[in-house]
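The values are calculated or read from the model by the stated rules, or taken from the named source; none is laboratory data. Since the model is a prediction, treat every value here as computed from it, not as a measurement. Cβ coordinates were reconstructed from backbone atoms using ideal geometry, including for glycine residues, and neighbour counts include every protein chain displayed. Just so you know, the surface numbers come from the protein's heavy atoms only, side chains and all, with ligands and any DNA or RNA stripped out. Shrake-Rupley method; radii C 1.70, N 1.55, O 1.52, S 1.80 Å.
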Amino acid sequence: MAESVVAQKVEQLQVNGAKEEDEDLVTPWEVTTTKATGIDYDKLIVKFGCRKLDDDIIARFERITGHKAIPMLRRGMFFAHRDFSAILDRKEQGKPFYLYTGRGASSGSLHLGHLVPFIFTKWLQEVFDVPLIIQMTDDEKFLWKDMKVDDAKKMARENMKDIISVGFDASKTFIFNDFDYMCPPFYENIVKIWKVVNANQARSIFGFTPEDCMGKAAFPAVEAAPCFASSFPHIFGAKGKKNDIPCLIPCAIDQDPYFRMCRDVAPRLKASKPSLIFSTFLPALQGAQTKMSASEPNTCIFLDDTAKQIKNKINKYAFSGGQQTLEEHRAKGGNCDVDISYQFLRFFLDDDEKLEEIRVKYTKGELLSGELKALAIEEVQKIVGVMAERRKTVTDATVDEFTKIRPLAFEY
């Protein structure tokens, strides 16, 4: 079945269809489930029509790159893809491609959930040694949120500082915000996308209503345009005009509708389809029924939280998979599948053997919920602490270096 037909069926189910009581809702603007264990990602793969990131493709990645998979990849936090094999083909053949990811800033600081794709993207860039483009969708936040343009731009710039603190290389990375980077080639691609996607398709894909402002229906093309190399002539030059340099997009699965649309229109624009690799969601502190949300501060750990705030948030809000009493916990053990502290360790603890030891002890009741929370607090404090130290060195001049229109350290 054609990808566009699959996408339309998927989108109709996702946005407009009647949901069963335990149906997972995953859209670019809302992620919820009724299940304590969180989103059923196997069902989501079927619903969205993407492919599972299985052991064979991970083994191929390791063989081609000579690098062992990062824990987030080994443990299934990045779990699905679209045409990742095509990117591995190009790597094997020595053909060019680039990485593209982004962020829509709705708060002055990133939280841990936002950090996941950027940690993974930095690792991919180091392994693949390719250009990276990061889009800050300040225009999107202006359209969807109650904020002024200047506030949206300011938040984007502050978030850029957090992103740079992950450790990206300025000679290989271009960061831009939409309000300030609407150059002619970029806008041309946006208009070309508008022309081949009609209003009914946009409503079907994204669930727009007649009451929505027209800017919302226009925005998806802005997020799709960076998939085309011709949007960045300062990086890809004349070769980019052919749009035959594809990109790989590491992102959370809720962003997939934008790129299903883009993959559908790419052949009609004689452009390469983007490839994608999808992450699961870092759950909210209160449980895996939803993801962390910057608009609800008590659901998440921000990168500007102090060590004391991190400790208090995890101790007070992190949902526990332990039993009600000490005696019952010793007898029955805890449930790692719903325990948020354990889930944080799955994402951020590098040591596989230590993680498995924690899982076994907690499941047997040998490790108490308070002790598990203490381990999670220690690991999260360490990650946020490292980020905070790097953040001190990121100035406005540093941001200007990343956002400057310039060639990157690659020849085309």
- Check whether at least one residue in the stretch 160-180 is under 17 Å from L132 (Cβ atoms) and more than 22 Å from the chain's Cα centre (by Cα), and report yes or no. yes
- Item | Residue check for I64: farther than 17 Å from T280 by Cα and either among the acidic types (D, E) or open to solvent by 20 Å² or more (accessible area, probe 1.4 Å) (or both) | yes
- Query: Given the structure, is R51 of a type in the set (K, R), over 23 Å from M292 (Cβ atoms) and in contact (Cβ under 8 Å) with a residue 60 or more places away in the chain?
  - Reply: no
- Query: Do you know which residues across the stretch 27-48 are assigned to a helix (DSSP H, G or I), without any contact (Cβ under 8 Å) to a residue 60 or more places away in the chain and not hydrophobic (A, V, I, L, M, F, W, C)?
  - Reply: D42, K43, K47
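Among the residues of the stretch 364-397, write down those that are farther than 30 Å from I340 by Cα and either at pLDDT below 95 or open to solvent by less than 30 Å² (accessible area, probe 1.4 Å) (or both).
V394 - this is the single residue of the stretch 364-397 that is farther than 30 Å from I340 by Cα and either at pLDDT below 95 or open to solvent by less than 30 Å² (accessible area, probe 1.4 Å) (or both).
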- Message: For L269, only one of the following conditions fails: (1) among the hydrophobic types (A, V, I, L, M, F, W, C); (2) under 29 Å from E389 (Cα atoms); (3) in contact (Cβ under 8 Å) with a residue 60 or more places away in the chain. What is its number?
- Response: (2)
- Query: For the stretch 49-60, what are the residues that are open to solvent by less than 50 Å² (accessible area, probe 1.4 Å), within 24 Å of I39 (Cβ to Cβ) and not aliphatic (A, V, I, L, M)?
  - Reply: G49, C50
- Message: If I go through the stretch 161-186 residue by residue, how many of them are within 18 Å of I405 (Cβ to Cβ), in contact (Cβ under 8 Å) with a residue 24 or more places away in the chain and in a helix (DSSP H, G or I)?
- Response: 3
- Close pairs from the stretch 233-245: first touching a residue at least 24 places away in the same chain (Cβ under 8 Å), partner charged (D, E, K, R), Cβ under 7 Å, at least 6 apart: H234/R406; N243/K270; I245/K239
- Message: Based on this model, can you work out whether L73 counts as open to solvent by less than 10 Å² (accessible area, probe 1.4 Å) and either touching a residue at least 12 places away in the same chain (Cβ under 8 Å) or touching a Leu at 6+ places or on another chain (Cβ under 6 Å) (or both)?
- Response: yes
- Query: What are the pairs, 6+ residues apart or on separate chains, where a residue within the stretch 357-386 that is within 11 Å of G322 (Cα to Cα) has its Cβ under 8 Å from a residue that is small (G, A, S) and surrounded by fewer than 17 Cβ atoms within 10 Å (Cβ to Cβ)?
  - Reply: G365/A331
- Do we find a residue being hydrophobic (A, V, I, L, M, F, W, C) and within 18 Å of the chain's Cα centre (by Cα) anywhere in the stretch 305-316? no
- Selection count, the stretch 353-392, where residues are outside any helix (DSSP H, G or I) and under 25 Å from the mean Cα position of the chain (by Cα): 1
- Restricting the search to the stretch 315-347, which residues are in contact with a Lys or Arg (Cβ under 7 Å, 6 or more places away or on another chain), in a helix (DSSP H, G or I) and open to solvent by less than 10 Å² (accessible area, probe 1.4 Å)? S341
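Which of the residues spanning the stretch 90-127 are open to solvent by 30 Å² or more (accessible area, probe 1.4 Å) and more than 18 Å from E411 (Cα to Cα)?
Passing the criteria: E92, G102, S106, G108, H114, I119, K122, W123.
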